[in-house]
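Encoded as structure tokens, the structure appears first; notes follow it.
Just so you know, all these numbers are worked out from the coordinates, no wet-lab data involved. Note that this is a predicted model, so its numbers are computed, not measured. A quick note on method: Cβ atoms are made from the backbone with ideal geometry, for glycine too, and the neighbour counts reach across all protein chains shown.
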Amino acid sequence: MHYEGNIIRPPSEANSILLQVTVGCSHNKCTFCGTYTGERFKIKSDDIIDADIAFAASNCRRQRRVFLCDGDALIIPQKRLLGILTKIRTQLPWVTRVGAYANTKCLDLKTPEELAEIKAGGLGILYIGLESGDGVTLKNIRKGAGPDRMIEMGKKAKVAGFKISITVLLGLAGRERSQIHARETGRVLSAIDPDYIGALSLMLIPGTALHKEYEAGRFTLIEPNEMLAELRTMIEHTHLSKGLFHANHASNYLPIRARMPRDKEATLKMIDQALSGQIALKPEWLRAL
């Protein structure tokens, strides 16, 4: 397989065939992210993508999923993207699911009809980095879209038939807006009503704009108990018709896997127990990105 630059994928795609179709991220301005620093966004050539699919056809027969790396696979022009999906479907017939990241920019570029066509072509799940539902926080981190836009594009993807997995970041708003961030994120998540939610805890990356703000004293990294309190408020204000709320990433202090709405009250009770010291939190040295 041909890989260029940094490769990232959602935790749930750990065992997937990682097919890199784009390099970098077309936005690449988020203050907390250093993944694509210095990388120029581009779509890889059909020759390289075709060779990787052929390699997977011969060597990846035990892997049932494909993830289209990197940050902006959905931004590929419609005809080319459908061609890639067709090759996956015909050359990797054992694959049961294809996933990709999606942002508001690439979702806006596709019409509802084009999204439905992509879904019919085999792309089954989209991962959206909401990060926060708080407009002030989204502006501060230079996400490129506000809460209303996030809701609009999330609903657009859901109407097209995709499974939707949304990532949020605990601690991203600092101390002053921590609870606002939690409540507003719960509100936006409720409005989109995704199938999966993954809550990660912020870990500052040296060299990023947010880390520089932290070093300059303009951003406060909240304590573990504050992150947990933020998570509690977020879950309390999240109302899903049906979905999974995960906070079991390596960065989190308290592993949580709740089926909503069934496990909501039990999860809030467990967080309360952790906040009162009855359940131990993960030590700092065990956390990872």
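Separation of region 76-99 and region 201-252 by C-alpha centroid, Å?
Computed from Cα coordinates, the inter-centre distance equals 34 Å.
What are the residues whose amide H is under 5 Å from the amide H of T167, where those residues sit 5 or more places off or on another chain and H is modelled from the backbone?
HN-HN under 5 Å from T167: I128, G129, L130, E131, G198.
What is the magnitude of the charge dipole of the chain about its Cα centre, with +1 placed on the Cβ of each Lys and Arg, -1 on the Cβ of each Asp and Glu, and no other charges, expressed in debye to the nearest 20?
580
From the list (i) -0.34, -0.78; (ii) -0.38, -0.84; (iii) -0.67, -1.19, can you say which value of log10 I(q)/I(0) by the Debye sum over Cα atoms at q = 0.08, 0.12 Å⁻¹ was derived from the structure given?
(i)
Calculated FRET efficiency, S45 and Y214, Cβ-Cβ r, R0 30 Å, to nearest 0.05?
Taking R0 as 30 Å, the efficiency between S45 and Y214 is 0.15.
Rounded to the nearest 0.05, what FRET efficiency do R61 and D263 have when you use their Cβ-Cβ distance and R0 = 35 Å?
0.45
I need the calculated FRET efficiency for the pair I205 and D108, taking r as the beta carbon distance and R₀ as 35 Å, to the nearest 0.05.
Given R0 = 35 Å and the Cβ-Cβ separation, E is 0.80.
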